[in-house]
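What follows is one structure encoded as structure tokens, with my remarks underneath.
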Amino acid sequence: MRRHLISASNLVKGHWQLIAIVAVVFVFWNTSLVLPLKILVVFLHELSHALAIVLTGGSVESFSVSPQQGGLVIGRGGNRFISLTAGYLGSLVLGMGLLIIALRTNADRAVLGSFGGVMLLVTLLYIRDPFAMAFCAGVGAVMLVTAWYLSRNLCDLILRAIGLTSMIYVPYDIFDDTIRRSGIRSDAYMLAEEFGGTTMMWGGLWLILSLVMIYYCLRNMLGRDSNVRINIRVR
């Protein structure tokens with residue numbers, strides 16, 4: 001019993017910042033505080049669709065996200081199976097990648113700035129509706145300014161917040177879209193319609209894969225101490 005208490009104490013001591021971020025996200029999940037992070041994960045979802053379309057030989061015609069946490073990518077060509085599968089799992093991979101970069105490298109400022117640049121590029125090339133343009137251009141610009149002027153540790157914490165939100169949001173979204181509301185026209189619904197199986201079958205498979213991915217990411221990447229010194233020094 002004492003050994004378990006010591007182990008739990010060391011876990012909290014070594015990773016209190018990550019635990020605090022997760023706690024804040026959960027507490028304020030249904031408020032406007034977390035909404036921008038959730039829409040940002042939707043952006044990663046749609047970006048994953050777009051990348052899958054382009055990498056399998058297709059082209060992207062339009063790209064959008066909405067304040068209701070919806071999104072849509074319209075593409076031409078490419079591998080339909082891969083592009084439909086890429087949304088949930090791809091956004092999770094991108095979110096975990098941001099967390100791993102924050103935990104294991106010193107490239108936080110470069111990565112946050114590159115992320116902002118990607119958002120601005122996507123806005124310029126593919127987005128036409130007002131909300132999506134304002135959100136993606138605004139967040140992209142803030143990321144660039146933050147990466148240029150503020151400290152690496154603050155950029156690190158921002159990447160951690162985005163990565164952890166993705167790791168919370170994606171499994172929840174899979175369950176909500178494909179199992180709890182299996183009748184809506186989700187990625188899994190279209191995959192079942194075009195390739196067989198059922199919405200719940202594809203959703204259940206994605207949910208299991210997402211939880212396994214999250215488990216292995218946390219198990220192998222956290223280390224003994226993940227906390228960073230908080231420094232908001234302006235460059």
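The values are calculated or read from the model by the stated rules, or taken from the named source; none is laboratory data. For clarity, every value in this text was computed on a predicted model and none was experimentally measured. For neighbour counting, all protein chains shown are included, and Cβ atoms are generated from backbone atoms with ideal geometry for every residue, glycine included.
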Looking only at the stretch 65-102, which residues are part of a helix (DSSP H, G or I), among the small types (Gly, Ala, Ser) and either out of contact with any helix residue (DSSP H, G or I) (no Cβ under 7 Å at 6 or more places or on another chain) or more than 17 Å from Phe175 (Cα to Cα) (or both)? Ser83, Gly95, Gly97, Ala102
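Return the residues of the stretch 125-152 that are aromatic (Phe, Trp, Tyr) and in contact with a Phe, Trp or Tyr (Cβ under 6 Å, 6 or more places away or on another chain); say none if nothing qualifies. Working first, answer last.
Kept after step one, since they are aromatic (Phe, Trp, Tyr), are these residues of the stretch 125-152: 126, 131, 135, 148-149.
Within the stretch 125-152, Tyr126 is the sole residue that qualifies.
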Being assigned to a helix (DSSP H, G or I), in contact with an Asp or Glu (Cβ under 9 Å, 6 or more places away or on another chain) and surrounded by 18 or more Cβ atoms within 10 Å (Cβ to Cβ) is the requirement here; does Leu191 meet it? no
The stretch 79-102, residues that are crowded, with 17+ Cβ neighbours inside 10 Å and in contact with a Leu (Cβ under 8 Å, 6 or more places away or on another chain): Leu84, Thr85, Ala86, Leu89, Gly90, Ser91, Leu94, Gly95, Leu98, Leu99, Ile101, Ala102
Top-ranked residue of the stretch 52-70 - restricted to ones that are in contact with a Leu (Cβ under 9 Å, 6 or more places away or on another chain) and closer than 22 Å to Leu124 by Cβ, ranked as surrounded by the fewest Cβ atoms within 10 Å (Cβ to Cβ): Pro67
Give the stretch 98-137 a look and list any residue that's within 15 Å of Ser64 (Cβ to Cβ) and either without any contact (Cβ under 8 Å) to a residue 40 or more places away in the chain or aliphatic (A, V, I, L, M) (or both), or say none. Met119, Val122, Thr123, Leu124, Leu125, Ile127, Pro130, Ala132, Met133, Ala134, Ala137
With respect to the numbered conditions (1) surrounded by fewer than 20 Cβ atoms within 10 Å (Cβ to Cβ); (2) assigned to a helix (DSSP H, G or I); (3) without any contact (Cβ under 8 Å) to a residue 12 or more places away in the chain, which one is the sole condition not fulfilled by Ile184? (2)
Total residues in the stretch 72-88, condition of a type in the set (S, T, N, Q) and over 15 Å from Leu209 (Cβ atoms): 2
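Can you say whether Ile39 is modelled with pLDDT of 90 or more, over 16 Å from the mean Cα position of the chain (by Cα) and surrounded by 19 or more Cβ atoms within 10 Å (Cβ to Cβ), as far as the supplied structure shows? Steps first, answer last, please.
Numbers: modelled with pLDDT of 90 or more: yes; over 16 Å from the mean Cα position of the chain (by Cα): no; surrounded by 19 or more Cβ atoms within 10 Å (Cβ to Cβ): yes.
No, not satisfied.
Would you confirm, using the coordinates I've provided, whether Asp177 is surrounded by 14 or more Cβ atoms within 10 Å (Cβ to Cβ) and among the charged types (D, E, K, R)? Step through it out loud before you land on a result.
On the way: surrounded by 14 or more Cβ atoms within 10 Å (Cβ to Cβ): yes; among the charged types (D, E, K, R): yes.
Taking the combined requirement at face value, the residue satisfies it.
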